[in-house]
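Here's the structure we're looking at; comments come further down.
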Amino acid sequence: MAYNLLKGKRGIIFGALDEKSIAWKVAQVAHAEGATFVLSNAPLAMRMGEINKLAEATGSQIVPADATSVEDLTNLFTQAQEILGGKIDFVLHSIGMSPNIRKNKPYGDLNYDWFMKSIDVSALSFHKVMHVAEKLDAMNEYGSILALSYIAAQRVFPDYTDMAQAKAMLESIARSYGHRFGKLKKVRVNTISQSPTKTTAGTGVGGFDAFFDYADKMSPLGNASAEDCANYCVTLFSDFTRQVTMQNLMHDGGFSSMGISEDVVEVLEANAPKN
Ligand SMILES: NC(=O)c1ccc[n+]([C@@H]2O[C@H](COP(=O)([O-])OP(=O)(O)OC[C@H]3O[C@@H](n4cnc5c(N)ncnc54)[C@H](O)[C@@H]3O)[C@@H](O)[C@H]2O)c1
């Protein structure tokens, strides 16, 4: 059921790779809620061509941009305003990538050039997006800028390796730029810390299935799905959350407030050695 929450709003959505992507679901819900937007992804990801289906279904245009390139981002924000016919009301940064995770490097044996790449793609790019939006004066007042984070920014999940540092920086950038953009233009900036979700980026992390099940058993509401995440993102783009800024918002079915759960105890007891 749609509520016209984003009627008349213009946005840029980064990171829809295929229909499992969180950004893909956000685009579908934003479209149903009346928004118009431009879709963007890295030129390399475009080659897979999946995004064309989403563009067709949502009546959107696609503008490729490597989110680590200020030049690409400048072109994207300039073109998006032309295509959409005005300044931007919302931006979704749904971007993450770690070459160290892709190559299964353990935390004690990280490749530092790749570490820098993880930080650039997954965290600094968020700063670059806002830097470009500010320089071009591309955001409307009370616009909303969102990035997606994970609880490994605060707690240790060993297989998340250098992405933990990238997410910690991402959340910090949201606070610092949130202060700046709030003062400048009343633009709000937040991160959503999402449950493990079965997407290309998510399932690339070692041991994903185990911590997906663990988080599900720990959370009183179970893991939040990509669809739930999309609904939450849309409320944060809407006018009903105009005073929410500089926050890392937990969207995890209650996981982050738990110590242990009955379901986890049950599994441990079932597997305990009998003596
Ligand atoms: N899946 C999970 O378990 C989970 C949990 C919490 C947070 N997140 C975060 O959600 C976001 C979206 O990931 P997802 O799970 O939908 O996976 P996904 O693989 O579908 O999306 C990641 C996107 O990042 C894009 N990308 C990578 N390098 C880029 C670059 N240089 N420029 C522009 N785009 C680039 C990819 O092309 C892809 O579209 C990421 O920030 C991820 O860390 C995911």
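Quick rundown of the values:
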quantity	calculated
Neighbour net charge for GLU134 - beta-carbon separation under 9 angstrom, K R +1, D E -1	+2
Equivalent-ellipsoid semi-axes of the chain, from the Cα gyration tensor, Å, largest first	32, 21, 18
Ranked list, fewest to most other Cβ atoms within 10 Å of each Cβ, for LYS87, LYS135	LYS135, LYS87
About the Cα centre, charge dipole magnitude for the chain (Lys/Arg +1, Asp/Glu -1 at Cβ), debye	760 debye
LYS274-GLU82 pseudo-label distance in nm [points 7 Å out on the Cα-to-Cβ vector]	7.4 nm
Added length on full extension, which subtracts the Cα-Cα distance from 0.36 nm per residue, MET258 to LYS53	69.8 nm
Residues LYS103, LYS274, LYS25, LYS198 arranged by fewest to most Cβ contacts within 10 Å	LYS274, LYS103, LYS198, LYS25
C-alpha long axis of helix 262-271 to longest principal axis of the chain, angle in °	40 degrees
Ordering of 93-101, 9-17 by burial proxy (mean other Cβ atoms within 10 Å per residue, highest first)	9-17, 93-101
Student exercise, region 47-94 dipole from Lys, Arg, Asp, Glu Cβ charges, in Debye to nearest 20	100 debye
Residues THR191, THR197, THR36 arranged by fewest to most Cβ contacts within 10 Å	THR36, THR197, THR191
Listed pairs LYS103/LYS135; LYS128/LYS183; LYS7/LYS183; LYS20/LYS117; LYS7/LYS167 exceeding 29 Å between Cα atoms	LYS103/LYS135; LYS7/LYS167
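Here, each number is a calculation from the coordinates, and none is a lab measurement. This one's a predicted model, so the numbers in the text were calculated from it and none came from an experiment. Please note: Cβ atoms are built from the backbone with ideal geometry, for glycine as well, and neighbour counts cover all protein chains shown.
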